[in-house]
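Engineer: The structure's right below; bear with me while I get my questions together.
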Amino acid sequence: MVSAAVHERRGSRGRTLFEPVVQFRYNLQGADVLGHRLAFGDVTARSRPEAEQVASRFCPGSIWSVSICERRPELSVIHSGPTRGLWFAVCFFAGYTALSVVFVVDAYRGL
């Protein structure tokens, strides 16, 4: 990791969003390459402390695995791991699925 910071920007609906921005260096076939992409869901946040929490995982000098696209090295990414928004989506989907199953079983028993 070379650097980690939080940048503020306007979203598509005019909301203020905070985005963790990192820069990392990796070696590809003997050449040093700089990258800046984080992946694994949306990493933007609506509050600065939430974005800083994500950025704090990427302390300069720390070592992370980089998923490298050998044909297009500029697309190489670091997977930041699950964020709060991703956990909310997973839990919502699981709850919705469970309620749907209960509804179907209850309807089947009523026949």
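The values are calculated or read from the model by the stated rules, or taken from the named source; none is laboratory data. From a predicted model like this one, the values you see are computed outputs, not experimental measurements. Note: ideal-geometry Cβ built from the backbone for every residue, glycine included; neighbour counts use all protein chains shown. Only protein heavy atoms, including side chains, enter the accessible area calculation; ligands, DNA and RNA are left aside. Shrake-Rupley method; radii C 1.70, N 1.55, O 1.52, S 1.80 Å.
Engineer: For V2, list long-range residues whose amide hydrogen, built 1.01 Å from N in the peptide plane, is under 5 Å from its own amide hydrogen.
Structural biologist: Q23, F24, R25, G61
Engineer: Right, another one. Round to a whole number: what % of the accessible area of the chain belongs to carbon and sulfur, probe 1.4 Å?
Structural biologist: 58 percent
Engineer: For helix 84-109, report the angle its Cα long axis makes with the longest principal axis of the Cα atoms of the chain; keep it between 0 and 90° and round to the nearest 10°.
Structural biologist: The answer is roughly 20 degrees.
Engineer: Now, a different point. Which of A51, A89, A31 moves most in a GNM of the chain, Cα contacts under 10 Å?
Structural biologist: A31
Engineer: About the Cα centre, and with charges only on the beta carbon of Lys, Arg (+1) and Asp, Glu (-1), how big is the dipole of the chain? Nearest 20 debye, please.
Structural biologist: Result for the chain is approximately 260 debye, rounded to the nearest 20.
Engineer: Translational diffusion coefficient, Stokes-Einstein: compute it for segment 60-111 using the Kirkwood radius over C-alpha pairs as Rh, at 37 °C and 0.692 mPa s, and state it as an integer in µm² s⁻¹.
Structural biologist: Translational diffusion coefficient: 218 µm²/s.
Engineer: L28's amide H: which non-local residues (gap 5+, or another chain) put their own amide H closer than 5 Å, with H modeled 1.01 Å from N in plane and none for Pro or chain starts?
Structural biologist: Those lying under 5 Å, H to H, from L28 are V33.
Engineer: On to the next question. Any idea of the accessible area per residue across the chain, 1.4 Å probe, to the nearest Å²?
Structural biologist: Per residue, the chain has an accessible area of 74 Å².
Engineer: Could you work out the longest stretch of the chain that avoids the trypsin sites (Lys or Arg not before Pro) located in DSSP loops with at most 14 other Cβ atoms within 10 Å?
Structural biologist: 72-111
Engineer: For L17, list long-range residues whose amide hydrogen, built 1.01 Å from N in the peptide plane, is under 5 Å from its own amide hydrogen.
Structural biologist: Close amide H contacts, sequence-distant or interchain: R9, R10, G11.
Engineer: Considering only DSSP beta bridges whose two residues both sit in the chain, what percent are antiparallel, to the nearest 5?
Structural biologist: Among the beta bridges of the chain, antiparallel pairing accounts for roughly 85 percent.
Engineer: From the C-alpha gyration tensor of the chain, pull out the three semi-axes of the equivalent ellipsoid (sqrt of 5λ each), sorted largest to smallest, in whole Å.
Structural biologist: After scaling each eigenvalue by five and taking roots: 38, 19, 12 Å.
Engineer: Return the distance in nm (one decimal) between the two label points of a simple spin-label model at Y96 and H7, each offset 7 Å from Cα along Cα→Cβ.
Structural biologist: With each label placed 7 Å out from Cα toward Cβ, I get 3.2 nm.
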